[in-house]
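The next block holds one structure in the form of structure tokens; read it before the comments.
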Amino acid sequence: MQTWLVTGGAGFIGGNFVLDAVRRGVKVVNLDALTYAGNLDTLSPLDGEAGHVFVHGDIGDAALVARLLAEHRPCAIVNFAAESHVDRSIDGPAAFVQTNVVGTLALLESARDYWRSLEGEARDGFRFLHVSTDEVYGSLGDTGKFTEATPFAPNSPYSASKAASDHLVRAFHHTYGLPVLTTNCSNNYGPYQFPEKLVPLVIQKAMAGDPLPVYGDGLNVRDWLFVTDHCAAIRRVLEAGRVGETYNVGGDAERENLNVVKTICALIDARRPRADGLPRESQISFVKDRPGHDRRYAIDAGKIQGELGWQPTVSFEQGMAATVDWYLANGDWVGRVLDGSYRLERIGQES
């Protein structure tokens, strides 16, 4: 049985990744600080599973990480741990630097020291996989796509902190020889996502009859990737990716934000019509744009498709329908996540 140390495995993408990995027979040591977006409810299907060891702790705690590595002897570290919401990074950038930069540095140092202690096949087979974002590349015009060779040009405190962490991962490979892999993904959506993000936020507000805030003119474009497709891509890169390389992961599903909101409205109308018969599109409210809002992202995933044979399998229409169905069926999960510290209010308006 393989053992992986997964950091941030109680979050959205990390939680989905852990659930799948354990079901596939991997032993997962799951290290998560359980900040506001971390949720043990997500991991409840693994209660009693011998293949899942949850540890409440911080990636910056070198002594703790060293102890976990020495005790469990993982063959890979998969780093999901990050502060990830652009709006929150506008209000409080220091937390993003602390976790995404300082925390990643500490984890890399722990990984390097552990890797150096290994011998033979264990040393040759070890991997450190860093999960990052397409936002490090900045903003596109009306045409073109991000490739792995696109220069970094981050425009938010969040994306700047992730770009810094990507640079550190690359540097640890070139300086120390640490066998690293990096993935840069497009916008994820699906079950277990904290309701500050666009898709679950719109679902909750639509069901409550509240205004649905759309930033600016709503024509900002993102490439949407269903979370299980992303998890499959990470597994594939971990299995066969070339050491030191970066792989872009996209869903080949560019949509304007307004289109995404209208799609969600239509899906909910078909399942839970409003009592007054009005379409939920009538709840859309255009609001002041986010400071520094990138206009368009688009991923060229040709490298991972050509080298590793990965392809997205869930279309935008299938994924959005499945996501709406999940949130409508799991109101209790959402209620426990929204514990009072966040009430679906807008944040990140400073300029």
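Taken together, the values in this text are just the output of simple stated rules run on the coordinates, not laboratory data. The model shown is predicted, which means the values in this text are computed figures rather than measured ones. Note that each Cβ is placed from the backbone with ideal geometry, even for glycine, and that neighbours are counted across all protein chains shown.
In the P(r) worked out for the range 178-292, what percent of Cα pairs fall beyond 19 Å?
Working: 3591 of 6555 pairs.
Distances greater than 19 Å cover 55 percent of the Cα pairs.
Name the most mobile residue of 139, 165, 285, meaning the one with the largest mean-square fluctuation, in a Gaussian network model of the chain with Cα contacts below 10 Å.
Greatest mean-square fluctuation among the candidates belongs to 285.
Using Cα positions and a limit of under 19 Å, work out the lysines in reach of residue 197, with same-chain residues fewer than 8 apart set aside.
Straight-distance partners of residue 197: 162, 205, 262, 288.
From zero outward in steps of 10 Å, how is the percent of C-alpha pairs of the range 1-137 spread across the bins?
Taking all Cα pairs of the range 1-137, the binned fractions are 12, 44, 34, 10, 1 percent.
Suppose we look only past 18 Å in the calculated P(r) of the range 58-99. What percent of the Cα-Cα pairs does that tail hold? Show your work: numbers first, answer last.
Working: 365 of 861 pairs.
Across the range 58-99, Cα pairs with separations above 18 Å total 42 percent.
Fewest Cβ neighbours within 10 Å first, please rank 119, 135, 83, 254 accordingly. Don't skip to the answer; put the middle values down first.
Numbers: 119 8, 135 27, 83 23, 254 18.
Fewest to most other Cβ atoms nearby, the residues stand as 119, 254, 83, 135.
Tell me, what is the percent relative contact order of the range 199-278, built from C-alpha pairs under 8 Å that lie six or more residues apart? Don't skip to the answer; put the middle values down first.
Values: 55 pairs, mean separation 35.4, N = 80.
Averaging sequence separation for qualifying contacts and normalising by length gives 44 percent for the range 199-278.
Scale the Cα Rg of the range 71-198 by the rule-of-thumb value 2.2 N^0.38 Å and send over the ratio, two decimals.
Values: Rg = 15.9 Å, N = 128, 2.2 N^0.38 = 13.9 Å.
Rg over 2.2 N^0.38 Å, computed on Cα atoms: 1.14.
Which residue, 41, 217, 32, tops the fluctuation ranking in a GNM of the chain built on C-alpha contacts under 10 Å?
217
Percent antiparallel among DSSP beta bridges with both residues in the chain, to the nearest 5?
Values: 3 of 40 bridges.
Antiparallel: roughly 10 percent of the beta bridges in the chain.
Name the aspartates and glutamates eligible as straight-distance cross-link partners of residue 303: C-alpha to C-alpha under 19 Å, and not fewer than 8 places from it in the same chain.
134, 135, 148, 166, 223, 229, 239, 245, 252, 254
Which whole-Hz couplings ³J(HN,Hα) result when phi for each residue of the range 140-150 is put into the Karplus expression 6.51 cos²θ - 1.76 cosθ + 1.60, θ = phi - 60°, listed in order with x for Gly and Pro?
Listing the rounded values in order: 9, x, 6, 10, x, 9, 6, 10, 5, 9, 5 Hz.
Given an 8 Å cut-off on Cα distances and at least 6 residues of separation, report the relative contact order of the chain as a percent. The partial results should precede the final answer.
Numbers: 646 pairs, mean separation 63.9, N = 351.
Dividing the mean separation by the residue count of the chain yields 18 percent.
Using Cα atoms only, what is the angle between the long axis of helix 104-117 and the major principal axis of the chain, expressed in degrees (0 to 90) to the nearest 10?
The angle comes out at about 30 degrees.
With all distinct Cα pairs included, what does the Kirkwood hydrodynamic radius of the chain come out to in Å, to one decimal, could you say? Don't skip to the end; give the middle numbers.
Numbers: mean 1/r = 0.0484 Å⁻¹.
Averaging 1/r across every pair of different Cα atoms and inverting gives 20.7 Å.
Rg/Rh for the range 77-140: what does it come to with C-alpha atoms and Rh from Kirkwood?
1.10
Taking the Cα centre of the range 85-236 as the origin and placing charges on Cβ (Lys, Arg +1; Asp, Glu -1), which of 230, 169, 122 is farthest toward the positive end of the dipole?
The residue sitting most towards the positive pole is 122.
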